[in-house]
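Data block below; observations after.
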Amino acid sequence: MTALPSSERSLFAEKLGLFLLLAPAVLWLGVLVILPHVEIAVLSFSERIAPRVYAFGFGNYLEFLGEPIYWRTFARTAFLSILVTLITLVISFPVALYIAKFASGKSKPLLFLMCLIPFWASELVRTLGWMMMLRETGVLSFLLQKAGLASGPVEMLYNDASVVLGLVYGGMLFMIVPLTNALESLETAQIEAGYDLGGSHLTVLRRIIIPHAMPGIVAGSIVVFMLTVGNFVTPVMLGGKNGLWFTEQIYSQFITRFNWPQGSAFGFMLLLLSTVIVWLGLRLTGQGFAETLRKA
Amino acid sequence: MTLVGNGVRGDFMSDSADLALLSVVKEFGAHRAVDSVTFDVAPGEFFSILGPSGCGKTTLMRMIAGFEHPTSGDIRIRGKSMLAVPANKRPVNMVFQSLALFPMMSVGENVGYGLACAGVDKIEAGQRITRILDRVGLAGFEDRPVTKLSGGQRQRVAIARCLVLEPTLVLLDEPLGALDLKLREHMKLELKQLQAAFNTTFLYITHDQSEALVMSDRVAVMNKGRFEQVGSPRELYHNPLTSFVAGFVGDANVWNGSTFGAQATGLGIKLSTGAALVGAGSGSGAVSAYLRPEAIALAAVPGELSSLPNRFAGTVSTVLFDGAASTLVIKAEGFPHLRATLPQAGPLAGIMAGAPIGFGFAPEALKIFPA
Amino acid sequence: MKKWSFVIGSVAFAALLAAGGAQAAEKLRLLTWADYAPKEVVDAFTKETGIEVEITLSNNEEMISKLRATQGAGFDLAQPSQDRITGPQAEFGIYKPLDLSKIDAKLFIGSMLEATKANTTAGGKVYGLPHIWGTDGLVVNTKAAPGVKDYLDLCGPEVKGKASLRAKRPTLIAFAFSMGMNPFAAYSNEKAYSEMMDKVGAKLTECKANLKFFWDGKDALLAGLRAGEVTAAMAWDTGGWKLNSENPEIKFIAPKSGALGWVDTFAIPAKGRADDAAYKWINFNMRPDIAAKVAASAGNFSASQGADKLAAGKLKDQFAESFPLAAIENIKWYPAVPAGLEAIEGKVLDKVKSAN
């Protein structure tokens, strides 16, 4: 074995050092992220021919495309997730703006805490809380009857509105945090300058506050969209018989149909959906992915 | 065009004034930030409010801009009360301390923002933007991002952004504060020239007396929410009406003492360190005396100063060479500490520490105020 | 420094795993239904044999999924329904054949043991032994909905917006019977079965507007019935009798087209590590006194010979009220589900769920 020239040797040492430094991260990514996905990808291309006999094929994807109930649920999930993200954004924006720009130093952490408190309980408990509020024999129905606004029990559960409500509730914190971060860095003088130069509230919001908050808006929307599209508990519990969510399809393929290949294919479709929507969102708003992550 | 007043004038409020404040008071809880301020600014005037930080000048300016509401009093622009007019409807535009340029917009968009708000059509707005950028020396900068500009260029964009709207009044909130010394000196001149060229009324607030003195037609010195004195820079410098103005505007030797009665040439005082002097002013008992370093005449031989009633002899303790602004620190019997400007053209230019020296000053130069 | 701590950490972690494995020698990992292993019985078993019992609660689908994920490892004894053994066994091989010499056949009701053995035989080997049996029928608030007598009545105007059922295979089977068809006879003919299921699916889709919700957990359904939000549901007899004890107006009714009879079994997962303990548990559980306790806890009936004599009087009365002689004879016992049918049913259920 011939000795390496010293410069090459140091380069090699440097590379080795870098490799050792990155090894835990690579291992982490490889074992916990990439490997399961590769396995699912492989699984999604296998078709059952007979008991314990599987072959390569696109059948699971063709099944998805050919069966209206699957892609309708898929489209419905995508549409409702986008709707939930938009509603969350519209509700969270004034809250974040208030916390970032109008709340005094002392009340700021308190307000943040108030946003955080619901998340001390698990998602399941929060959802059950909503069920108690909305069900026919629940608190809201009772109050409406007491107030004379309803003549009989009112059922507010098990519809799309209750699903959207629960999902918006669950997503708000994840929207408020990046939005507040983004808005806090907006110099108050810029808002004042916006007014001073003749801008109306709408103009200042549209041309100064929103463009400044854009990285926060995009980051929050990505997080909320992903959480929503991948949510399982809330749509199933609040939606009842009508709350069909795509994750439920995946769950049922894996757990009640024992059809892992089909479930894997569905899982991949969901991954694809998230990726495409996030990509579209970034394109439409002209934000870079890395920059958005940095600011989030 | 320039009105030169003699102190606080509350007696006339002509509609010809671009800006008039009438007994404006602003209280934050128990704290009175602005205390009954009355003044007016004539069209085309460069008016400065000079005061230390916390004196209320920023609050005053924010009330004029419309970001704060006075507790009492009235603010009028061209005779029209502004109290019910929101900030975005006032014919007033502001250059912020931080400039507050919109970083996500280009130079042209920054300047065009106000025009768009006012509903000026695109073609006309474009022409006006081009014209104003040309006049502030930024021709062809329309598409540059503001983040890529130098400090001075950003300054000009901030001013152009206001001037393009042809406001009655431009407010400037210490806009030179963030610049380095050289650029600040340069921008002082440029601002003054711009103001003259556009013939727009400027209201400038600063804590830097040099900025106020160099640029302004008139200056108001503000302290603890009140106007101490309003006048031309020359007046403020030579005839301060209060102890605060004498101390805040320009450089001065400040001594404590007590009066011992009127003399033929002025008021006699005895410094707490022992020297007996004659100065101009009023009061009896404890007083403060202010003497500008450049008002001190120096001579190698005290006899040369025989025309001055205040004549003393001492020794040079230190020479602080700073070109035209060089000073001597003089040690003399009865004086605590004395600084005198050393003319670089005279026979004393080469004087060294330890040399004997004579000094004196006219009684009018020593301003005496009750302590 | 960092690298060493990483190595030490990994070694410690591996050691922990190994220790965890070694410790499992005298432990029975049981995958079962709620209330099938009451504490009293588990304690008595541990006292007698020294074997600890670790319980995981589940249902048919999850049992299969869990075992499928590990190819039959992680548990030493499972309790799937008798009709859900041969299909998954053929598909995934998750169980091991039983050694019948290790069980005491005299403890079982003879006919039930033979029927279950026949139903769970694959490739000449037996995979399941009967444990608890019961029926699926209708739980009805007889005051609010006196007219509900059969599954199809859940789609009637009397219970509009107040009916409930599970989005699972028993519902499909029940509706097929109620619609005058025989799904069990069609098990062997995939095409006929598929057509039948499509009809059932169409009926259920039409019926969906009548439903309050698809129930999933038993407790959610019982809460709905108690609150009066649901007045009639397809459910297990146990739940109905439980509510009947609280409110006599709520009754379990054997539907006109027949209650569906099920038997939950003992089956040993393919990679179970404590077969002896598992057989001990089976024999222990089938003793009449123990079986009576389990039956009381589960609210159902035991396959243990003689346990019924020891059963609580109340349950007997309730059973007698729900099941006149003709109704008992009309019980439809599930035959084993051939592999592949579940895919057909699954798709129909998906369609029903996604219909609006």
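The values are calculated or read from the model by the stated rules, or taken from the named source; none is laboratory data. On a predicted model such as this, the values are computed, not experimentally measured, just so you know. Glycine also receives a Cβ, built like all others from the backbone with ideal geometry; neighbour counts cover every protein chain displayed. For accessibility, only protein heavy atoms count, side chains too; no ligands or nucleic acids. Shrake-Rupley method; radii C 1.70, N 1.55, O 1.52, S 1.80 Å.
A few notes on this one:
- Check on residue A:212, surrounded by fewer than 21 Cβ atoms within 10 Å (Cβ to Cβ), in contact with a Pro (Cβ under 9 Å, 6 or more places away or on another chain) and either away from every other protein chain (no Cβ under 13 Å) or free of Cβ contacts under 8 Å to residues at least 40 places away in the same chain (or both): yes
- Looking across the range A:149-173 at every residue that is hydrophobic (A, V, I, L, M, F, W, C) and in contact (Cβ under 8 Å) with a residue 60 or more places away in the chain, the one that is most open to solvent (accessible area, probe 1.4 Å) is identified as A:165.
- For the range B:313-328, the set of residues classified as closer than 26 Å to residue B:279 by Cα, among the hydrophobic types (A, V, I, L, M, F, W, C) and open to solvent by 40 Å² or more (accessible area, probe 1.4 Å) consists of B:313, B:325, listed by residue number.
- Residues (closer than 14 Å to residue C:85 by Cα and either open to solvent by 50 Å² or more (accessible area, probe 1.4 Å) or in contact (Cβ under 8 Å) with a residue 40 or more places away in the chain (or both)) located in the range C:101-123: C:115, C:116, C:118, C:119, C:120, C:121, C:123
- Flag for residue B:334 being open to solvent by less than 60 Å² (accessible area, probe 1.4 Å) and closer than 27 Å to residue B:287 by Cα: yes
- Matching residues in the range A:21-35 - criterion: being open to solvent by 80 Å² or more (accessible area, probe 1.4 Å) and either within 14 Å of chain C (Cβ to nearest Cβ) or at pLDDT below 85 (or both): A:21, A:22, A:26, A:27, A:28, A:29, A:31, A:32
- In summary, residue A:222 fulfils each of the numbered conditions (1) in a loop (DSSP other than H, G, I, E, B); (2) away from chain B (no Cβ under 13 Å) with the single exception of condition (1).
For (1) without any contact (Cβ under 8 Å) to a residue 60 or more places away in the chain; (2) open to solvent by 60 Å² or more (accessible area, probe 1.4 Å); (3) not acidic (Asp, Glu); (4) not in a helix (DSSP H, G or I), each residue gets a yes or a no:
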| position | (1), (2), (3), (4) |
| --- | --- |
| A:80 | no, no, yes, no |
| A:85 | no, no, yes, no |
| A:91 | no, yes, yes, no |
| A:105 | yes, yes, yes, yes |
| A:126 | yes, no, yes, no |
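- Just one residue in the set B:149, B:138, B:99 is over 20 Å from residue B:201 (Cα atoms) and touching a Lys or Arg at 6+ places or on another chain (Cβ under 6 Å); that residue is B:138.
- Taking first residues from the range A:187-203 that are at the interface with another protein chain (Cβ under 7 Å from one of its Cβ atoms) and more than 14 Å from residue B:115 (Cβ to Cβ) and partners that are open to solvent by 30 Å² or more (accessible area, probe 1.4 Å) and of a type in the set (Ser, Thr, Tyr), the Cβ contacts under 9 Å between residues at least 6 apart in sequence or on separate chains come to A:187/B:98; A:189/B:98; A:190/B:98.
- Selection status of residue B:184, buried (at least 17 other Cβ atoms within 10 Å of the Cβ), in a helix (DSSP H, G or I) and touching an Asp or Glu at 6+ places or on another chain (Cβ under 9 Å): yes
- Listed by position, the helices (runs of 4 or more DSSP H) contained in the range C:283-356 that have at least 1 residues being basic (Lys, Arg) are C:288-298, C:307-310, C:313-322, C:341-354.
- Among the residues of the range B:129-143, not a single one is within 23 Å of residue A:207 (Cα to Cα), outside any strand (DSSP E or B) and either touching a residue at least 60 places away in the same chain (Cβ under 8 Å) or within 12 Å of chain A (Cβ to nearest Cβ) (or both).
- Counting only helices (runs of 4 or more DSSP H) that sit completely within the range C:28-113, those holding 2 or more residues that are more than 14 Å from chain A (Cβ to nearest Cβ) correspond to C:39-49.
- Positions within the range C:196-218 being hydrophobic (A, V, I, L, M, F, W, C), open to solvent by less than 60 Å² (accessible area, probe 1.4 Å) and within 12 Å of chain A (Cβ to nearest Cβ), in sequence order: C:204, C:207, C:211, C:213, C:214, C:215
- Pick from the range A:43-76, criterion more than 14 Å from chain C (Cβ to nearest Cβ) and in contact (Cβ under 8 Å) with a residue 24 or more places away in the chain, ranking: surrounded by the fewest Cβ atoms within 10 Å (Cβ to Cβ): A:61
- Yes/no for residue A:257 being under 29 Å from residue B:110 (Cα atoms) and among the basic types (Lys, Arg): no
- Members of the range B:187-224 found to be under 28 Å from residue B:33 (Cα atoms), of a type in the set (A, V, I, L, M, F, W, C) and open to solvent by 10 Å² or more (accessible area, probe 1.4 Å), listed by number: B:213, B:214
- Verdict on residue B:64 being assigned to a strand (DSSP E or B), within 25 Å of residue B:161 (Cβ to Cβ) and either within 14 Å of another protein chain (Cβ to nearest Cβ) or open to solvent by less than 40 Å² (accessible area, probe 1.4 Å) (or both): no
- Residue B:304 being in a helix (DSSP H, G or I), open to solvent by 60 Å² or more (accessible area, probe 1.4 Å) and within 22 Å of residue B:244 (Cα to Cα): no
- Selection within the range A:174-186: residues that are open to solvent by 10 Å² or more (accessible area, probe 1.4 Å) and more than 23 Å from residue A:121 (Cα to Cα). The member of this set that is farthest from the other protein chains (Cβ to nearest Cβ) is A:181.
- When residues of the range C:317-356 are limited to those that are within 14 Å of chain A (Cβ to nearest Cβ) and charged (D, E, K, R), the one most open to solvent (accessible area, probe 1.4 Å): C:351
- Within the range B:18-57, the set of residues being open to solvent by less than 50 Å² (accessible area, probe 1.4 Å), more than 20 Å from residue B:231 (Cβ to Cβ) and of a type in the set (D, E, K, R) comprises B:26 only.
- The residues of the range C:152-176 that are hydrophobic (A, V, I, L, M, F, W, C) and either at positive phi or open to solvent by less than 20 Å² (accessible area, probe 1.4 Å) (or both), listed by number, are C:154, C:159, C:163, C:165, C:172, C:173, C:174, C:175, C:176.
- Single residue of the range B:81-105 satisfying the filter (farther than 27 Å from residue B:151 by Cβ and outside any loop (DSSP other than H, G, I, E, B)) that is farthest from the other protein chains (Cβ to nearest Cβ): B:81
- Residue C:221 fulfils the conditions (1) more than 19 Å from residue C:60 (Cβ to Cβ); (2) within 13 Å of chain A (Cβ to nearest Cβ) except for a single criterion, (1).
- Residue A:15 falls short on exactly one of the conditions (1) under 33 Å from the mean Cα position of the chain (by Cα); (2) away from every other protein chain (no Cβ under 13 Å), and that condition is (1).
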